[in-house]
């Protein structure tokens with residue numbers, strides 16, 4: 001078996017950055033991310049978000065393209081929310097774009113801590129802009 005350590009920080013937002021990720025929706029999204037990542041043999045290192053976007057630190061094996069992991073994760077989580085909450089005023093949707101960064105083992109603690117503290121960073125505006133970016137327009 002080959003040796004590998006491939007770490008990624010991914011961030012994506014709701015459609016139009018609508019603040020619609022309630023605690024109930026967040027639970028469904030996070031469960032879908034955990035479940036699908038496990039199926040794809042990816043390890044979630046940190047997972048958190050706020051009402052309009054999600055952050056994940058993940059280890060993705062080299063046999064899998066990170067964009068493929070993201071496509072599966074985003075698609076399944078949106079479907080799960082729409083199936084779990086059929087009475088939402090509007091269908092739960094995510095932006096097509098996303099942010100994806102690689103990082104090394106030396107930065108693992110920083111990235112995971114940043115993600116774990118999302119709900120504290122945003123109200124105080126103590127953000128790392130490059131870890132929040134989901135497209136080239138920011």
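Table for the structure above
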| item | result |
| --- | --- |
| Segment 21-33, residues that are surrounded by fewer than 18 Cβ atoms within 10 Å (Cβ to Cβ), in contact with a helix residue (DSSP H, G or I) (Cβ under 9 Å, 6 or more places away or on another chain) and either on the phi > 0 side of the Ramachandran plot or not in a helix (DSSP H, G or I) (or both) | none |
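Rundown of residues vs (1) more than 11 Å from the chain's Cα centre (by Cα); (2) part of a loop (DSSP other than H, G, I, E, B); (3) surrounded by fewer than 17 Cβ atoms within 10 Å (Cβ to Cβ), yes/no style:
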| position | (1), (2), (3) |
| --- | --- |
| 2 | yes, yes, yes |
| 8 | no, no, no |
| 13 | no, no, no |
| 35 | yes, no, yes |
| 49 | no, no, no |
| 58 | no, no, no |
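Laboratory data are not the source of any read-out in this text; all were calculated from the coordinates shown. The structure presented is a predicted model; accordingly, all values stated were derived computationally and were not measured. For neighbour counting, all protein chains shown are included, and Cβ atoms are generated from backbone atoms with ideal geometry for every residue, glycine included.
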